[in-house]
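Working notes for the structure below.
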Amino acid sequence: MDDNKKLEVAVELAGFPAREKTLFSSIFKVSEYRPFNYREWVPNENDIPACLLIDLDSDEGLIRRDLEAVRPERYPIISVGKAPSDKLKTVAHIKRPIRWAEILATLDTALNIPVASPVEPAKAEQMSDAENELELGQVDQWYDRNTPMTFKSEPAVLVVDPDPTGGNYIADRLSGTGYRVDHVPSVAEAVSLLALHRYNCVIHEVELPDKSGFELCTLLKRRQDRRRTASIILTGSRNPLDRVRAASAGCDAFLSKPIQPQALLRTLEKFLPDWRYTAN
């Protein structure tokens, strides 16, 4: 494939409910900012789709599974559902709940789409906004926002980023909320502070000087105490596989840079109880 040529890749969706088709539409919209973008294949087209996604949890999907099982192989098939099927040869299976980044990464892998396809600078911010909206839509709320929370120790956020401007940016966003913001450049220094203080949230990069952000995610999830600590990756990475790896490591939210201040605050509200009002 020519990396400099804009290429549309048609994907057929079989058996999915309307709400999940809406999610797929949003995923395909994000892909439009890349040189290789996906769109939904429509049945009245003369050509066949480049890939087929089948929902094995629906009756329509099961009928399509049985039909594809007796056909010659025409395109890669990705199944979605609680369990894979032994009746159908597929290139991948995705378990529910569906995560948007896993869909994108699986399609890229199945169709040999370059995962590091460059994004035009003029479109980078628009793509980040679209990705962050998708991510926020799939992040669960940890606390009841109507129930005030009190802590025996000071509520705090830890920023792990070799760039000092990252810590300053988060501190500015949380100014006046009562949350202390600490900043360190490495995982080793983060571990030292985590041994001394409790943090409601750790915001960090994927690329860190001593260990990866994925390793930091895993470390955070192994040391949970009575106060849960959210792991939020804030990065400029455009690789969907990084999002999948982060989720496997225990990351609670994966945000793209540049990020709009309101998107960051909406994310923090998912994990910081009453963070606008708690003063101590």
- request: Only loop residues by DSSP count here, and only those with at most 15 other Cβ atoms within 10 Å; note down the GluC sites (Glu not before Pro) in the range 52-140 that meet that.
  value: 73
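Holding the Cα-Cα limit at 26 Å, pick out from 29/221; 21/221; 95/270; 89/221 the pairs that are longer than that. Write down the numbers at each step before the final one.
Values: 29/221 32 Å; 21/221 32 Å; 95/270 24 Å; 89/221 36 Å.
Cα-Cα > 26 Å for 29/221; 21/221; 89/221; rest within.
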- request: Heads up, I need the accessible area for residue 99: 1.4 angstrom probe, whole protein in place, Å², nearest 10.
  value: 80 Å²
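Please give the per residue accessible area of the range 61-167, computed with a probe of 1.4 Å over protein heavy atoms only, in Å². Don't skip to the end; give the middle numbers.
Numbers: 5770 Å² over 107 residues.
On a per-residue basis, the range 61-167 sits at 54 Å².
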query: Do you know the relative contact order of the chain, to the nearest whole percent, from alpha carbon pairs under 8 angstrom that are 6+ apart?
result: 17 percent
For the range 1-118, convex hull of alpha carbons as volume per residue, Å³: 107 Å³
- prompt: How much length is gained if the chain between residue 149 and residue 19 is pulled fully straight, taking 0.36 nm per residue apart and subtracting their Cα-Cα distance, in nm to one decimal?
  reply: 43.4 nm
task: Would you mind giving the average projected area, over all directions, of the Cα convex hull of the chain in nm² with one decimal?
output: 16.8 nm²
Percent carbon-and-sulfur accessible area, the chain, ignoring ligands, DNA and RNA, probe 1.4 Å: 51 percent
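The values are calculated or read from the model by the stated rules, or taken from the named source; none is laboratory data. Note that the structure is predicted; figures quoted are calculated from it, not measured. No Cβ is skipped: glycine too gets one built from the backbone with ideal geometry, and neighbour counts run over all protein chains shown. Ligands, DNA and RNA are excluded from the accessible area calculation, which covers all protein heavy atoms including side chains. Shrake-Rupley method; radii C 1.70, N 1.55, O 1.52, S 1.80 Å.
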